[in-house]
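First the structure, in the form of structure tokens, and then the observations on it.
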Amino acid sequence: MTSIPAGEAGVSGPIPPRAAVHGKHPIPSAGPYPMGLMALLATVSMLFAAFTASMIVRRGGSDWVRITLPSVVWINTVLLAGSTVAVEMARAAVRRDASSRSVRWLALGTVLGVLFLVGQVQAWVAWAAQGVFLPTSPHASFFYMLTAIHGAHVIGGLGAMLWTLRRSALGAYRSGAHLGLTHMAIFWHFMGAIWVYLLVLLSIL
């Protein structure tokens, strides 16, 4: 266990391993959550990497025909981007101790996230109206599968956002104490980045 040299801090003794004390109020450590969050992001990344590899290999088949993506996916991209901006604005509001603004930004982010999911269903409906279904072509199959898997993770992210919104409304977050909000924001931004990646992948392969 490390000690603070007397010449540097004027006191000696063990450093608390889980928290630092400032005045009378302990500053909590990050705990196990960041490691769990990083493990989740790594798992999701590996999942989509595996689908990417399968898609690249499958693209070599003679039956591979790339189908133009439904135009609504670009509107969905704007909705998801707006949602990530709203979440980041909520974090900024918390850092300024503006709890009411944080609640409003989180509510907006949640609504935009739900609209993104509605738009994804509309994209499937648009393709179905054109006679493009899961077995129509390998490219169509990957579109349906990848967007469905991404949508499932977005639903999970929305659940976390609703929980964070409730906590924020109860005043649980403030400047210097908003780890839950930060962790949710990291996952939500990651989902936005994955969506952009999928669009590029489905557009060029």
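Just so you know, all these numbers are worked out from the coordinates, no wet-lab data involved. None of the values given here were measured: they were computed from a predicted structure. Please note: Cβ atoms are built from the backbone with ideal geometry, for glycine as well, and neighbour counts cover all protein chains shown.
A few comments on the model shown:
- Relative intensity, log₁₀ I(q)/I(0), of segment 42-170 from a Debye sum that treats every alpha carbon as a point, q = 0.17, 0.19 Å⁻¹: -0.93, -1.05
- Size estimate for segment 140-205 follows the Kirkwood approach: the inverse of mean 1/r over distinct Cα pairs works out to 13.3 Å.
- Integer Hz, Karplus 6.51/-1.76/1.60 couplings in order for segment 112-121, x for Gly and Pro: 5, x, 5, 5, 4, 5, 4, x, 5, 4
- In segment 33-174, Cα pairs under 8 Å separated by at least six residues give a relative contact order of 29 percent.
- Candidates ALA98, GLY151, TRP124 compared by Cα position along the dipole of segment 91-180: farthest toward the positive end lies ALA98, with charges placed on Cβ.
- Sparsely packed chymotrypsin sites (Phe, Trp or Tyr not before Pro) within segment 101-181, loop by DSSP, other Cβ within 10 Å at most 13: PHE133
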